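None of the figures in this text is laboratory data; all of them are computed from the coordinates on show. None of these values were measured; they are calculated from a predicted model. Quick reminder, even Gly has a Cβ in these numbers, built from the backbone with ideal geometry, and neighbours come from all protein chains shown.
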Amino acid sequence: MNRNQKIFSQFGICIICISVIGILINNLTINLIRTGLGFNFSWIFKPASFALAEHVLPYSSSDSYAWALFIGWLNSLKVIISSLLLATCLGTLIGFARTGKNSLLGLFSAGYITIIRQTPLLLQLMFWYFVGFLGLKNNMFFHIKNIFKISNQGIEFLGLTLSSEFSALLFGLSIFTSAYIAEVIRGGILSVSRGQWEAFRSLGLSERKGLLKIIIPQALPAIIPGLTSQYLNLAKNSTLAIAVGYSDIYAINDTIINQTGRAIECFLILLTSFLLLNLLISNSMETINKIIINSRKYN
Amino acid sequence: MKQPIVIAKNLTKSYTKGLRALDNVSLTVNQGKVLVVMGPSGSGKSTLIRTFNGLETFDRGELNVLGIKIDSTHDERQIQRIRRRVGMVFQQFNLFPHLSILENITLAPINVQKRRQIDAEEYAMYLLNQMGIDSHANKYPSQLSGGEQQRVAIARALALKPELLLFDEPTSALDPERINEVLDAIRRLAEQGMTMVVVTHEVGFAKDVSDQVLFMDSGKVIEKSTPDIFFSNARHERSRKFLNQLDKHS
Ligand SMILES: Nc1ncnc2c1ncn2[C@@H]1O[C@H](COP(=O)(O)OP(=O)(O)O)[C@@H](O)[C@H]1O
Ligand SMILES: [Mg+2]
């Protein structure tokens, strides 16, 4: 392409963008006029007058919409961070099993990855909720001396109680994401040359020590970006909470839209919440990445 | 009486069906001796010496390294015992890029032999000094020339005080002007009585250092001779052809 063509095509792209945004703003204004609500956020301090089954901080139905939204945001954060940790542990184990020498484990993990990745997440969440938890006998399914209990009431562990909604979401998101993380880990491990494996083996280092001291440090730069994108996916997928009745930010937003009709304001709030959440995740990962790169004294 | 360090009997291996990378290879390496392995590319030299420390499995035959027996079942425990007493130097150096030169060398002594860090470092410095590169101890592999990296790799292999050293074309990845510094280091080890198996195409070096030359082709041992005979009057047509070709290239 010559210079003129370039300028022309960029000009074209600009026009298309501006038109699309114009159409959207037009639709928005028409909608706002039609509903006769106008655009404002004053309703946000009115009492929400709905109950929330799950709240990290104190909450009652006389609290404001703003507080309900914040509780929802915290609920989202709670399920995202715990799923993220569980998915990482699980994914790392499966990823190692997939690349390891044990062919039975390799076959199992390959099957796991395939099955999990070939079925929709919504289906998996429903499975964990209805079959995994609600399907259990009402008293108990599994327990270790009252320290660890799984029943249709959820999970109880050392006085910490997790609702069946939270648990189903935690399981569903973690297991789903772990299959993808396993592939990221596998890719990272495969990016380290065969010679590095042969070198540590020839020195008598065990497979475990070699992985830990030689392979993983070299695989990390290839793993971190993939991991970040899986974490961001997990955060976005957490909005499927609504399917199992867990009150995350999306579900609470949905309730508020039904009650107040403030769809546009609520979508803006939702948008900002997720932007904040994902910025939090990607910035943390960027920091981790920087620490790794800065601690590296070689190139 | 010098005892055998490596006894291989009828080693046979195929990566792909019908193609033998090793075909009934038998050999003995006695203590303090240097066996040089030569042969065209793809003749099975790497495969052979990699079976000696269990980096490669084999399908049939027996192997006895330092009195430890392994067979086609590839018993991990036995192999681990062998690896603690056998060092290996690779064509591509395979230094650990994220560790300093000193850390590269002390890794195995500290983690495998559970030696104290100061002791391991002291011995590493001694080895680096022997290799003439002690001034690079705190650098990283990428900051060194190929010849220096390969000498670090030799020091790393020596750190476990091995009773057998394996070299797989240690100078094939080096610039011509860097080859001699590495060959000289290996020569000195031979003078000190180290038992070694060396895969190389360096004829002059092989003449100096070897007690026996093994010539392979298509996974088979074609000829096993002393260097005097092999390099001046090889018994087999194929050996002579191979040596002629080497001459033309150098
Ligand atoms: N990992 C492998 N997979 C399949 N074939 C291999 C592998 N390694 C070596 N081979 C084959 O085995 C034969 C011997 O190879 P090798 O031992 O590397 O020979 P050399 O070191 O003498 O060049 C060659 O035909 C080569 O293609
Ligand atoms: Mg080779």
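Here chain A is assigned +1 on the Cβ of each Lys and Arg and -1 on the Cβ of each Asp and Glu. Its dipole about the Cα centre then comes out at about 1100 debye. Let a ≥ b ≥ c be the square roots of the eigenvalues of the Cα gyration tensor of the stretch B:95-161; is it rounded (a/c under 1.5), or, if not, prolate (a/b larger than b/c) or oblate? Prolate.
Computed packing ranks the peptides B:207-217, A:147-157 as B:207-217, A:147-157, most packed first, by mean other Cβ atoms within 10 Å.
By the count of other C-beta atoms within 10 Å, a proxy for reagent exposure, B:LYS241, A:LYS213, B:LYS17 are ordered fewest to most as B:LYS17, B:LYS241, A:LYS213. A straight line joining the Cα centroids of the stretch B:119-154 and the stretch B:59-100 runs 23 Å. Candidates A:ASN294, A:SER247, A:LEU234 compared by Cα position along the dipole of the stretch A:152-299: farthest toward the positive end lies A:ASN294, with charges placed on Cβ. Extending 7 Å from Cα along the Cβ direction at A:PHE11 and again at B:ILE7 yields two label points whose distance is 8.8 nm.
Please check which bits of the stretch B:126-147 a label hung off A:ARG194 would reach, taking the label as a point 7 Å along Cα-to-C-beta and the cut-off as backbone N under 14 Å. Under cut-off, by backbone N: nothing. When A:LEU122, A:LEU93, B:LEU19 are sorted by how many other C-beta atoms sit within 10 angstrom of their C-beta, beginning with the fewest, the order is B:LEU19, A:LEU122, A:LEU93.
With both labels modelled 7 Å from their Cα along Cα-to-Cβ, the B:ASP208 to A:ILE291 distance reads 5.1 nm. Helices in chain B, meaning DSSP H runs of at least 4 residues, each add -39500 (n - 2.57). Divided by all residues, the mean residue ellipticity at 222 nm is -11500 deg cm²/dmol.
Since only A:ILE144, B:THR47, A:LEU84 are under comparison, the one whose Cα sits farthest along the positive direction of the charge dipole of the protein assembly as shown, derived from C-beta charges on Lys, Arg, Asp and Glu, is B:THR47.
Between A:LEU32 and B:LYS241, the distance separating the two model label sites (each 7 Å from Cα on the Cα→Cβ line) works out to 8.8 nm.
The mean of 1/r over all distinct Cα pairs in chain A, once inverted, gives the Kirkwood hydrodynamic radius of 22.7 Å. For the stretch A:74-298, the number of Lys pairs with C-alpha atoms closer than 17 Å, counting only pairs eight or more positions apart or on separate chains, is 4. Taking the number of Cβ atoms within 10 Å of each Cβ as an exposure proxy, the fewest-first ranking of A:VAL79, A:VAL20 is A:VAL20, A:VAL79.
Compactness of the protein assembly as shown was expressed as the Cα radius of gyration divided by 2.2 N^0.38 Å, which yields 1.36. Given their separation in residues at 0.36 nm each and the Cα-Cα distance between them, A:SER82 and A:GLU207 gain 42.0 nm when the chain is fully extended. Listed by chain and number, the lysines whose alpha-carbon sits under 28 Å from that of B:LYS224, ignoring those within fewer than 8 places in the same chain, are B:LYS2, B:LYS9, B:LYS13, B:LYS17, B:LYS33, B:LYS45, B:LYS69, B:LYS207, B:LYS241, B:LYS248.
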